[in-house]
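The values are calculated or read from the model by the stated rules, or taken from the named source; none is laboratory data. Keep in mind that what you see is a predicted model, and the values were worked out from it rather than measured. Positions of Cβ are generated from backbone atoms using ideal geometry, with glycine treated the same way; all protein chains shown enter the neighbour counts. Remember, those area values only see protein heavy atoms, side chains included, never the ligands or the DNA or RNA. Shrake-Rupley method; radii C 1.70, N 1.55, O 1.52, S 1.80 Å.
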Amino acid sequence: TKTPVWPVFVSKEKVLENIRAIAELIQEYNPDVVTLQEVDKNSWSNGRIDELQELNKILGFPYSLYGNHFHTPFATFGTAILSKFPLYNTASYRFPVAFPTPRKGYVLAEVEVSSGKRILLSSIHTTWINMLYPNTRSLQLRQVLKKVKMHTPMPMIMSGDFNDRIHGSKNTRMVDFIEK
C-alpha cells in the first residue's frame, strides 16, 4: 500500500519511506496540481510527521493548502492541495460527525491556470459509513455543492476519496448525486 499510516501504527521510518514512494509516483506523472486525502499532520500515530510538509520537501510545489478536518490529542488529518499555480479564495470545511467514522471534510481553492483564467478545485473526503444516517455522503456532497455555488461560475474539478462503490446503493453513489 502507498498509504503512509495504514495500518494506524507504523514506524516513523516506514511513514517517511511511504511518503518518498508517493512523491516518486507524483514525480513520474508530473502533474500541475495534486489533491490528497487522509493527510496526517503531527499525529502521535505517525511519529509526529507533517506529511504534507514532508511530501512537499521532495516535490517543491510553490503553493499548498491544508484543511484540518479531524483533530484529537493523538491524531490530526485532513485534505490538501499542492499546486504549481497560485491558489485564491481558499477554504477548508468540515462535515458533521458521522458515527462511527472520524470526521471528514474538504478544501476548495481557485487555481489560476493562466493569466486571469481560474478553475475551482476541491479535495474532498466523504464519510465511509454512518450508522445513524445512511445517506450521509449525499448530504455531504450537497454541502459541497452549496459552497461551490458561492464561487463565480468557472470550470471545476471535484477530486477526492468519495468512499463510493461501483455497485453502491441508490442515493449513495457519486454518479447518482451528479445525475440529479
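Taking all protein chains as present, what is the carbon and sulfur share of the accessible area of region 1-100, in % to the nearest whole number, probe 1.4 Å? With neighbouring chains kept in place, the figure for region 1-100 is 55 percent. Within the listed set T127, T72, T101, the residue fluctuating most in the Gaussian network model of the chain (springs between alpha-carbon atoms under 10 angstrom) is T72. Residues whose amide H falls under 5 Å from that of N42, counting only those 5 or more places apart or on a different chain, are I49, D50, E51, with hydrogens built in the peptide plane. For the chain, the solvent-accessible area with a 1.4 angstrom probe is 57 square angstrom per residue.
Once you reduce region 112-155 and region 62-77 to the center of their Cα atoms, the two points are 18 Å from each other. Dipole of the chain computed with +1 at Lys/Arg Cβ and -1 at Asp/Glu Cβ about the Cα centre; of N56, P96, S11, farthest Cα towards the positive end is P96. Mean projected area of the convex hull spanned by the Cα atoms of the chain, taken over all viewing directions: 10.9 nm².
Anything over 19 Å Cα to Cα? Flag those among K41/K104; K41/K147; K84/K104; K14/K57; K104/K146, in the order listed. Please list the in-between numbers first.
Numbers: K41/K104 14 Å; K41/K147 25 Å; K84/K104 26 Å; K14/K57 17 Å; K104/K146 17 Å.
Beyond 19 Å: K41/K147; K84/K104.
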